[in-house]
């Protein structure tokens, strides 16, 4: 096999894979430089005198004194801290430590002492405490559920199933409901109109644990942030809005990806409206964190791609949205070029405003650091975690037109190596024409957005499902149609034809370096890091001549890097053969096939032409599925 600059850690992982099956442990992005801190989430104590910050890469919780901005102490965590919450009385901090078997640390806010450790699910994140301080809710991203804990007795109460990849949660002010933002849509990708792809919000009744869903508008994806308004009347979500139904002929005006704020009416459980955070000519890539100030005056949204903070006049926006008539236009955006005129558009049942709507409602505050993610508010102060510069942006909201900003360093100025720089560039909307999107807009965490896109690289009108970039440099060719000979070629083509930009070669090389560093996460279908008995039986079937899976999907990459006709050609496809994808991490890459027609591996094996799986008994098929999902 041609050597492609594979990292030492990944090379070792693949050796283990070949020898004994799936790797029992892993990291989302491979090894980190020892000095990287990676602030990703923040919370403020009740008295406003301390700021708690998750240092994801350093595996620490930082406690920062306010207003001085000095780091008082750092507390080590057993895994990546992926979210935190402060108890209503300010005495405790709860930190979700993301791993295959996560834990939530209960920490004394004053002393920094770890008081208790609560077991959670796969990749725990976004803890939320009930208003009375008696319950804790934690999103288990890859178990697709929420852990509920009794904090008085420090014991788990329930695991509540939600939709797909819950990554953010908020408790209603009265404690009666938990609203959960799911990162991706959970259905097939080859549907349009009312069946089109859209992420949902899961609403959990905290008394009965019954759930309901609120569907966001078509194309909603990468919902990273969720918050209640203080009166509990609205839920606010920050997310990407994908125009995946359009050919990718331009990036301006949000033609490919918009960046959105959705307002949901809590009582009706309906989307009140979705407004675009983008200006008419300048995008606001990758909204991430969202919060409403305690007085209900401001809605604050961090933009991880354009390194900004949107500060929105909440009463003015909400009253305006309540008064808007529902006007449906065609399936495209229209505007007359002026900053105060907007047009609402419709994808079947969905309504959304055009770029520029927020002119007069919002300040765009340029932040001093790079990669703003989680944020926290206290009074008129906003604290934003800046992931790549190991800093906090402290923003004072003065009035409708002014905000003052200063930077709080959490450590020495980071020195980026090529991998870290590539990670930054991958998430950086500034390398896109006018900041509309970044590579991460369609490839969150380097994986896939579960949508079909017409990228025009193999003709028009034949959209293909987004592929994960994990192992892409080891499994050429790239793209479902194999139209890019290597992942290196695909990276450069993406910058030119999707980001619509001309960039220096060293930037593409750095992105290559980061993508090569990506390592697979352990599957949630493993048991204590090993194959289950059912998966072991499935592994034997997978490798047997009877089924024939290993012929096209040999270990350790689980692809032979060839193209086959498996009967999946659609009426608009210009070819019948498609690239054989790796099965590594296939448990997180649904929907399946080049057009995203199947939502489960069971569907793919029973309805598609894959080996001789159709000859298996129901029990054998179940075993085979368990093995594939364990990779």
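Just so you know, all these numbers are worked out from the coordinates, no wet-lab data involved. Here the structure is a predicted model, which means the values were calculated and not measured. A quick note on method: Cβ atoms are made from the backbone with ideal geometry, for glycine too, and the neighbour counts reach across all protein chains shown.
Summary of the geometry: region 461-476 and region 65-79, compared by the centres of their Cα atoms, lie 40 Å apart. Remark: C-alpha extents of region 99-415 on the principal axes read 59, 44, 39 Å, sorted largest to smallest.
Spacing of the modelled spin labels on residue 575 and residue 205, each 7 Å from Cα toward Cβ, amounts to 5.3 nm. Shown is the FRET efficiency for residue 320 and residue 606, computed with R0 = 60 Å from the Cβ-Cβ distance and rounded to the nearest 0.05: 0.75.
Stretching residue 545 away from residue 68 to a fully extended chain increases their span by 164.9 nm, per 0.36 nm per residue minus the current alpha-carbon distance. Extending 7 Å from Cα along the Cβ direction at residue 101 and again at residue 281 yields two label points whose distance is 5.8 nm. Peptide packing for 593-601, 543-551 was compared via the average number of neighbouring C-beta atoms within 10 Å per residue; ordered from the highest value, the list is 593-601, 543-551.
Between residue 564 and residue 532, the C-beta separation translates, for a Förster distance of 41 Å, into a calculated FRET efficiency of about 0.90. With both labels modelled 7 Å from their Cα along Cα-to-Cβ, the residue 176 to residue 192 distance reads 4.2 nm. Between residue 489 and residue 265, the C-beta separation translates, for a Förster distance of 56 Å, into a calculated FRET efficiency of about 0.75. Spread over its residues, the convex hull of the C-alpha atoms of region 419-517 is 88 Å³ per residue.
With Cα atoms defining each centre, region 151-210 and region 595-631 are spaced 27 Å apart in the structure. Using the rule -39500 (n - 2.57) for each DSSP H run of four or more residues, divided by the residues of the chain, the 222 nm mean residue ellipticity is -4500 deg cm²/dmol.
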